Amino acid sequence: MLEEKSEQILPQKLPKILTLLLMVHGVVNIMIALPLFVTPAKFLRLVGWLVEDYTVARLLSAAFALVAVICFNSNSLKPHQACNSLLYLAVWDASVAAVIFIYLIEAEDDSPVGFPLVIMLFSAVFAVIWIYFRGVILRIVEEAKEASEHHLLS
């Protein structure tokens, strides 16, 4: 009963800015996933990385594609249902930022830094964005539950 009441009070759509950010993030992940899967050697050379094992590159491509699917799917969820997706995205982006940060620290003088730096900053910013919006949604859910409880007690 309480769950039904709080469900009725909750907003039924994600904030428009969050929807836009999810779409942008999904598109960027697809833009990385597709060339990394189809032509890993060319794509990695284009951004300055040389990889000998293209199977690993293609596996990474699958992870980028999965993140894009999570982004696109999250837009169809109600806000309180999207909290888990935002947590997954925050973990993904924080991990990507950390891995590239370590790469940049360990990189040799002739290693590329432009593309990795852009991806690291993109991922770090989005990790913070996902955590922020997850917090906003969780607060809204908590307030709705409290309002429902208060309404039932009155």
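Values in this text are rule-based calculations from the coordinates and carry no lab data. All figures in this text were calculated on a predicted structure; none of them were measured in a lab. Neighbour counts are summed over all protein chains in view; Cβ atoms, including those assigned to glycine, are modelled from backbone coordinates with ideal geometry.
Here are the numbers for this structure:
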quantity	calculated
Formal net charge of residues neighbouring L87 (Cβ-Cβ distance under 12 Å; K, R +1; D, E -1)	0
The chain: Lys pairs at Cα distance under 20 angstrom, eight or more positions apart or on different chains	7
Charge context of L138, other residues only, Cβ under 13 angstrom, K/R +1, D/E -1	0
Degrees between helix 114-153 axis and first principal axis of the chain (Cα, 0 to 90, nearest 10)	10
Centre separation in Å (Cα based) which lies between region 15-61 and region 91-154	19
Size of electric dipole in the chain: Cβ of Lys, Arg +1 and of Asp, Glu -1, about Cα centre, debye, nearest 20	540
Segment T19-L46, extension gain: residue separation times 0.36 nm, minus the distance between their alpha carbons	6.6 nm
Nearest-ten-degree value, helix 83-106 long axis tilted from longest Cα axis of the chain	30
